[in-house]
Amino acid sequence: MNQPGRLPRTTRPRRYELLIATDLDASTFSGEVVIALEMTEPTETIVLHSKGLDVVLASLSQGGAPVAADLRIDAEREHIVITAHRALLAGDAVLELQFDGSISPGLLGFYRSTYLDEAGARRVLAATQFEAPHARAAFPCFDEPEFKAIFAITLVVADGMLALSNGPEIDREKLPDGNVRVRFGTTIPMSTYLVAWVVGPLEVTEPVYAGGVAVRVAHVPGRGHLTQFALDVGAFAIEFFADYYGIAYPGTKCDLVALPDFSFGAMENLGCVTFRETRLLVDPDAATLDELSGAALTIVHEIAHMWFGDLVTMKWWNGIWLNEAFATFMEHLGIDAYKPEWKTWDEFALGRAAALDVDALENTRTVEYEVVTPEDADGMFDILTYQKGGSVLRMLERWLGADAFRAGVRHYLSRYQLANTETTDLWDALEEATGKPVRRIMDTWIFQRGFPTVCVDEGRLEQRRFSYASTGHDEQWVLPVLARVHTGEGAETRSLLFDADTVPLDVPDGALVVLNAGGDGFYRVAYPTAWRDRLLDARVLEPLERFALVDDLWASVLADDATATEFLDCARRFAEETDPIVWRVVIGHLRAAARLVAGDALDHMRAEIAAIVRPAMRRLGWDAHLDDERTRQLRGLFVNVLGSTTFDPETIARAREVYEHPEGADADVQAAAIAVVAGNGTADDFERFLARSEETVNPQEQLRYLYSLGDFPSEALVLRAAERALSDEIRAQNGPFVIQRALRNREHGPVVWAFVRDNWERALRRFSPSMIPRLIEGTTWLVEGRVPDDVMAFVTAHPVAAGARTIAQHMERLAVHRAAVARERERFSASLLNAHAP
Ligand code: BES
Ligand code: ZN
């Protein structure tokens with residue numbers, strides 16, 4: 001059965017013997033591949049993928065006898081077509097191809113990366129990134145996830161280079177020309193997008209063992225002291241998942257490779273996981289909790305994929321969302337076991353909030369959709385896949401119960417190991433394990449855009465789509481609802497399935513009802529004001545419930561269902577708050593609310609924020625050494641908001657002291673101090689930031705300096721930051737984020753926008769297409785005067801194929817913000833100016 005854009009199913013690869021000979025100096029490679037094939041029916045043609053390679057047919061044979069054939073390249077389809085002179089019979093055949101290619105200067109396929117060594121000399125390495133779908137740019141192959149095969153890989157590299165691939169090294173031989181031939185053990189049958197190799201002047205740690213699995217970290221020289229944490233998390237994750245899934249790790253080793261240039265955060269190549277340096281190499285004593293948990297979550301995420309994704313794989317790219325959503329869910333489950341004190345499920349709420357925010361837009365999408373082209377697949381790697389997908393899985397897990405959910409997952413993995421699946425296979429496995437209507441529930445979250453808001457009217461629950469645009473929608477969701485009822489006698493949590501227009505909620509008179517109990521639902525709750533106040537007064541809400549309440553209220557400000565003044569009144573009630581996650585959402589939205597006003601009203605708003613935060617900061621004090629990690633993180637947030645949003649002189653002065661004398665200061669305070677100094681910094685500071693971002697070997701510290709370049713209070717400096725982000729002085733992997741931050745600069749965002757617009761072609765040349773939406777993301781608060789019209793017109797006139805939907809979402813968000821400013825500027829300003837100065 002042929003489907004458009006897919007390879008015919010008449011030929012299946014069983015095993016690839018792949019040899020890649022690299023020449024890093026010339027930036028080229030040459031290869032040979034012998035593919036053992038199974039013909040499912042008699043055929044004359046074999047079609048496989050190849051992109052940008054010079055390929056010649058070495059031989060085609062069946063039953064040991066050569067079969068004459070021709071090879072034709074179909075560059076547009078990224079195919080090569082082999083036509084045999086006589087029909088091949090059903091059964092085994094062997095195809096042998098030779099090819100040459102260039103190592104890509106970009107970040108996909110087989111690509112080049114460089115670093116400066118300790119003597120200041122530029123060193124070159126090369127690595128692969130094949131998802132999705134770029135294996136075809138490195139070797140001719142059947143580059144679709146369903147074509148699983150065994151890989152036996154051999155690399156020829158210059159002497160002294162580290163060479164890694166999916167399998168363990170099993171043989172090494174010095175060749176007459178001085179190069180070395182390294183052979184790797186065979187893999188399990190797996191998809192082409194998971195194949196990987198890395199070659200270069202890198203070092204690798206001694207292994208640590210997780211059960212029988214050898215875990216190592218590879219890195220550029222001079223960073224060995226930053227590997228201990230990753231080894232520890234990696235080993236933990238392998239044992240944790242072997243136990244959770246009830247299946248042994250599918251291999252004998254797991255290398256974690258830190259690459260100086262990397263397009264994404266990390267990639268789950270089986271046994272050879274690649275990372276951006278910041279997500280792997282970390283000094284736990286010098287990192288903020290965000291930096292440390294960010295690395296840990298990334299490592300756990302990729303290791304979760306070794307089973308879910310690598311051992312069991314989607315049939316086609318429409319299933320990427322489940323692959324990624326599940327790993328996102330699992331990264332938190334794993335970290336919750338690794339460091340319960342980090343309360344990572346609380347942290348998860350930030351991602352859920354971000355997904356709710358996108359999913360309230362008209363330009364949202366269904367989580368799953370039909371994928372035909374590679375661009376369709378690229379468009380899936382976004383917040384709706386990761387955060388909405390992960391959140392609806394979390395909602396389901398909470399509703400089914402952790403053990404029942406795990407039983408379903410085990411059932412699914414053991415049934416489909418080494419094979420491929422459809423999304424519904426997981427729902428069916430969960431249904432079988434639990435007896436609950438999982439498919440019916442999940443279909444409404446996956447195949448319907450958006451999410452509902454739940455409200456209560458005369459003792460009945462009602463749902464309607466939550467949308468900023470509030471155009472008519474009449475979708476219904478099948479909601480797994482948890483509700484908690486507080487009465488004089490105590491509290492009782494009810495689990496119900498809300499699958500009709502309305503359902504009755506029978507509660508005794510005077511009871512307090514918490515909807516979305518636990519705060520893990522992917523929906524909002526519209527409490528009447530009095531009800532919300534009673535819940536807060538009675539102090540019955542858990543931290544994530546308070547989080548949801550605050551987040552829902554701010555969303556209703558953006559949706560024109562509440563006013564900014566109501567939000568500020570509610571925020572004031574949190575001055576006594578002690579939980580870090582609640583502070584995160586309160587402060588985040590107070591900062592957004594400050595964007596609604598300008599001039600004197602803005603000064604008043606800053607004073608309001610300071611009045612809410614300062615007492616809490618006083619309670620914490622500056623001395624961190626007895627605090628747990630979350631309290632330290634909270635202090636960092638307070639320092640940041642007081643120093644760079646409210647411009648509190650005392651905080652600025654102390655931040656500068658920490659910046660001048662960081663020795664012994666807490667990491668979260670140090671990181672916040674850097675941001676505060678940037679926001680109040682001079683030209684000299686800017687030079688020091690540049691120097692430090694280049695000198696430090698600590699990847700997270702480097703980013704602290706780099707990303708805050710855009711925060712400086714001078715137009716000239718912010719423009720220098722943007723200019724530098726387009727030059728090769730800042731790695732292309734980081735440049736878009738530097739510009740994003742500069743666009744967010746409250747004073748100078750508009751001139752940064754003008755710079756971006758005038759240098760658009762340079763940006764397109766410098767950054768990989770998937771990064772352009774990241775850059776545009778910085779424009780969502782450019783609400784003043786004609787700037788938003790200019791942004792929208794320019795973006796419309798310069799469409800980009802990759803991430804077009806994400807960019808449309810950013811533009812819509814800009815419009816939502818502009819509308820909020822139009823509604824609120826006058827009335828919110830008036831209410832701020834009338835409130836007596838705090
Ligand atoms: N499979 C992805 C990497 C990827 C992303 C490949 C987009 C191709 C296109 C990997 O498992 C992943 O999800 N990486 C995340 C980090 C993770 C911690 C969320 C990433 O790169 O951002
Ligand atoms: Zn992933």
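The selection criterion, being open to solvent by less than 70 Å² (accessible area, probe 1.4 Å) and of a type in the set (Asp, Glu), holds for residue 78. Mind listing whichever residues of region 500-519 are surrounded by 17 or more Cβ atoms within 10 Å (Cβ to Cβ) and part of a loop (DSSP other than H, G, I, E, B)? The answer is 505, 507, 516.
Each row is one residue, and each column tells you yes or no for (1) under 30 Å from residue 146 (Cβ atoms); (2) hydrophobic (A, V, I, L, M, F, W, C); (3) within 24 Å of the chain's Cα centre (by Cα).
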position	(1), (2), (3)
420	yes, no, yes
439	yes, no, no
445	yes, yes, yes
448	yes, no, yes
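Name the single residue, out of those in region 683-718 being acidic (Asp, Glu) and at pLDDT 95 or above, that is farthest from the chain's Cα centre (by Cα). The qualifying residue farthest from the chain's Cα centre (by Cα) is 684.
Restricting 555, 530 to those that are open to solvent by less than 10 Å² (accessible area, probe 1.4 Å) and either under 23 Å from residue 358 (Cα atoms) or not in a strand (DSSP E or B) (or both) reduces the list to 555.
Any chance region 299-309 includes a residue that's touching a helix residue (DSSP H, G or I) at 6+ places or on another chain (Cβ under 9 Å) and more than 16 Å from ligand 2 (Cβ to nearest atom)?
No, the conditions are met nowhere in region 299-309.
Note on region 231-271: among residues that are among the hydroxyl-bearing types (Ser, Thr, Tyr) and over 13 Å from residue 188 (Cβ atoms), the one that is nearest to ligand 2 (Cβ to nearest atom) is 263. Pairs meeting the criteria (first residue in region 210-231 and of a type in the set (S, T, N, Q), second residue surrounded by 20 or more Cβ atoms within 10 Å (Cβ to Cβ) and in a strand (DSSP E or B), beta carbons under 8 Å, at least 6 apart or on different chains) are 227/217; 227/219. Given the structure, is residue 75 modelled with pLDDT of 95 or more and out of contact with any strand residue (DSSP E or B) (no Cβ under 9 Å at 6 or more places or on another chain)? Here the answer is yes, as residue 75 does meet what is asked. A single member of 603, 569 is open to solvent by 40 Å² or more (accessible area, probe 1.4 Å), free of Cβ contacts under 8 Å to residues at least 12 places away in the same chain and within 24 Å of residue 453 (Cα to Cα), and it is 569. Restricted to region 313-357, and to residues there that are outside any helix (DSSP H, G or I) and touching a strand residue (DSSP E or B) at 6+ places or on another chain (Cβ under 6 Å), the residue that is farthest from ligand 2 (Cβ to nearest atom) is 315.
Does residue 365 qualify as being more than 25 Å from residue 269 (Cα to Cα), charged (D, E, K, R) and assigned to a helix (DSSP H, G or I)?
no
Being open to solvent by less than 10 Å² (accessible area, probe 1.4 Å) and in a helix (DSSP H, G or I) is a property that residue 642 has. Hey, can you tell me all the residues within region 273-298 that are hydrophobic (A, V, I, L, M, F, W, C) and away from ligand 1 (no atom under 13 Å from the Cβ)? Selection gives 281, 282, 286, 287, 289, 292. Can you name every residue in region 322-369 that is under 14 Å from the mean Cα position of the chain (by Cα), among the hydrophobic types (A, V, I, L, M, F, W, C) and open to solvent by 20 Å² or more (accessible area, probe 1.4 Å)? Residues satisfying the conditions are 350, 354. In region 432-461, which residues are open to solvent by 10 Å² or more (accessible area, probe 1.4 Å), in contact (Cβ under 8 Å) with a residue 40 or more places away in the chain and more than 22 Å from residue 548 (Cα to Cα)? Residues satisfying the conditions are 437, 440, 447, 448.
Being within 21 Å of residue 107 (Cβ to Cβ) and either open to solvent by 20 Å² or more (accessible area, probe 1.4 Å) or touching a Pro at 6+ places or on another chain (Cβ under 9 Å) (or both) is the filter here, so list the residues in region 146-193 that pass it. Those that are within 21 Å of residue 107 (Cβ to Cβ) and either open to solvent by 20 Å² or more (accessible area, probe 1.4 Å) or touching a Pro at 6+ places or on another chain (Cβ under 9 Å) (or both): 161, 162, 191, 192, 193.
Tell me, yes or no, whether region 811-826 has at least one residue that is within 30 Å of residue 590 (Cβ to Cβ), within 16 Å of ligand 1 (Cβ to nearest atom) and out of contact with any Cys (no Cβ under 9 Å at 6 or more places or on another chain). The answer is no; no qualifying residue exists.
The values are calculated or read from the model by the stated rules, or taken from the named source; none is laboratory data. Computed from a predicted model, the values in this text were never measured in an experiment. Cβ coordinates were reconstructed from backbone atoms using ideal geometry, including for glycine residues, and neighbour counts include every protein chain displayed. Ligands, DNA and RNA are excluded from the accessible area calculation, which covers all protein heavy atoms including side chains. Shrake-Rupley method; radii C 1.70, N 1.55, O 1.52, S 1.80 Å.
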